[in-house]
C-alpha cells in the first residue's frame, strides 16, 4: 500500500487534484490493487451518502415551538419603530372589503373540507404587524390554477349539482378578489398588505380547487 | 403542464405564500412551513449533533426562524434559507457546549471505533449508525460535504478551520464508513 496515494483518493474522487497529481495517481492505480479497490469503496460511500433519507422526529415538536413563539411574539419579533401612523389607503380599503367578502363566503369552503384542517382562513389584524415586509411572491400559479380548473371541469359531472353551484359561486368570488387585488397592486405595487392578500387569496383558490378535485376523484 | 411540474409549482408557490404570511405574523402559515421542513431540519441536526439533542435544537431552529423571518428577502428558497439557519444554529451549539477547535482538529483517532470490519452481519452497523459514531469533526464535515453538498471552502469558513483540515476529515470519515456500506 502506498499511503501517500491512499490519502489522496478522496481528493481524486472529488476532482480536486491538479493535472500532474491526477496523472500520477492514475498511474499508481493501474498498479496498486488495494488503492484501486479502496477507490471503488469510497465511490460507494459517496453514493450512499446521497441516498440517505430524511426522517421526521419521533414526537411532534410543534407544540413546544408554538408555545415559545406565542410567549415571545411581542418581545422577540422585530417591530418597526419607524412605521408611519396607521391609516388605510384606498387600495387597502378595497383589499379589506375583499377580505370581508372572502370571509363571508367561507361557508361553502368549510363545508367541503372533511374534518378539521390545519389550513385556517384567517385575515386578522395580526398580519398588520409585518406590513413592512414586502412579499416577493410570484410564479406561474395562473397556469397551475388553469390546469386544476380544467381538471375540475372534467370532474364536475361526478359532483351533485348543488355542490357544483356552490363551488362555482365561491370560485367566482375568489376570482373577483384576485382581479381586484391585482388592479389595486398595479396602483401600489410595493404595498405589503396587498401582496400578502393576493398571495393568500391565490393559495385559497388552489386549496379549494385541489379539495374539490380530491372529493370528485373519491366519489 | 406535466403533473409533477404542476405539483412542484404549486408546492413552491404555496411555500412562498406561507413564508410571506408567516413573516407578517401568521402562526398558522408558519406551522405549515414547519410541517413541510421539519424532517429535513431534524435529520440534519441529528446527524450533526448527538441524537439526544436533536429535538431541542430543532425547536430552537424553528423559533429562530420565526424571529428572523422579517429578514428573509426571498433571494433564495425558504428551504435553503432555513437549512442555512439550521447549520448556523448547530455550529453555535457546538461552540456553546465547549467543543473547542482543538478537539475538532485532533479527533481523528477515535475513528478506530467504527473502522473495524464487521465480523458478522449481526455486528455490522448500518450506514446511519456508523455515521453517528464518527468523531464529531469528521462527522460534521462528511454531513456538510457528502450529504448536504457544501464545498470545502464553505465548510472551512463555517467550522473555522483551513480547507485542508476539512479535506482530511472527509477522507478519514469516508475511509471509516466504507467498512459499513449497505451491501
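Read-outs: derived from the displayed coordinates by stated rules, not from any lab. The structure displayed is predicted, hence computed values, not measured ones. Using ideal geometry, Cβ is built from the backbone for each residue, glycine included, and neighbour counts are taken over all protein chains shown.
Let's test the formula: R0 of 56 Å, r as the Cβ-Cβ distance of residue B:162 and residue A:169. What FRET efficiency results, to the nearest 0.05?
Rounded to the nearest 0.05, the efficiency is 0.30.
Can you give the mean number of other chain Cβ atoms that lie within 10 Å of the Cβ atoms in peptide B:84-94?
Numbers: counts 0, 0, 0, 0, 0, 0, 0, 0, 0, 0, 0.
For peptide B:84-94, the averaged partner shielding equals 0.
Can you order the peptides A:47-55, B:134-142, A:186-194 by their average number of other Cβ atoms within 10 Å per residue, highest first? Each step should come with its number before you reach the end.
Values: A:47-55: 12.8, B:134-142: 24.2, A:186-194: 16.3.
Most protected by this proxy first, the peptides run B:134-142, A:186-194, A:47-55.
Cα convex hull of the stretch A:1-73: mean projected area in nm², to one decimal? Could you put the intermediate results ahead of the total?
Values: hull surface 34.9 nm².
Mean orientational projected area (the stretch A:1-73, Cα hull): 8.7 nm².
Taking R0 as 45 Å, what's the FRET efficiency between residue A:22 and residue B:39 from their Cβ-Cβ distance, rounded to 0.05?
On the way: r = 39 Å, r/R0 = 0.86.
Efficiency at R0 = 45 Å is approximately 0.70.
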Residue exposure sequence - A:36, B:150 - by fewest surrounding Cβ within 10 Å:
A:36, B:150
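Quantify how strongly other chains surround peptide B:44-56 by giving the mean number of their Cβ atoms within 10 Å of each of its Cβ atoms.
Details: counts 1, 1, 3, 2, 0, 0, 0, 0, 0, 0, 3, 5, 2.
Rounded to a whole number, the mean comes out at 1.
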How would A:214, A:14, A:142 line up from fewest to most surrounding beta-carbon atoms within 10 angstrom?
A:142, A:214, A:14
Peptide A:202-208, shielding by other chains (average Cβ, 10 Å cutoff)
3
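What is the calculated FRET efficiency for residue A:29 to residue A:63, with r their C-beta to C-beta distance and R₀ = 35 Å, to the nearest 0.05?
Details: r = 55 Å, r/R0 = 1.57.
After rounding, the FRET efficiency stands at 0.05.
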Let me see the pair-distance distribution of the stretch A:146-187: every alpha carbon pair, 10 Å bin width, integer percents in order.
26, 42, 23, 9, 0
Classify the stretch B:1-98: rounded, prolate or oblate, from the alpha-carbon gyration tensor (a ≥ b ≥ c, eigenvalue square roots; a/c under 1.5 rounded; otherwise prolate if a/b is larger than b/c)?
prolate
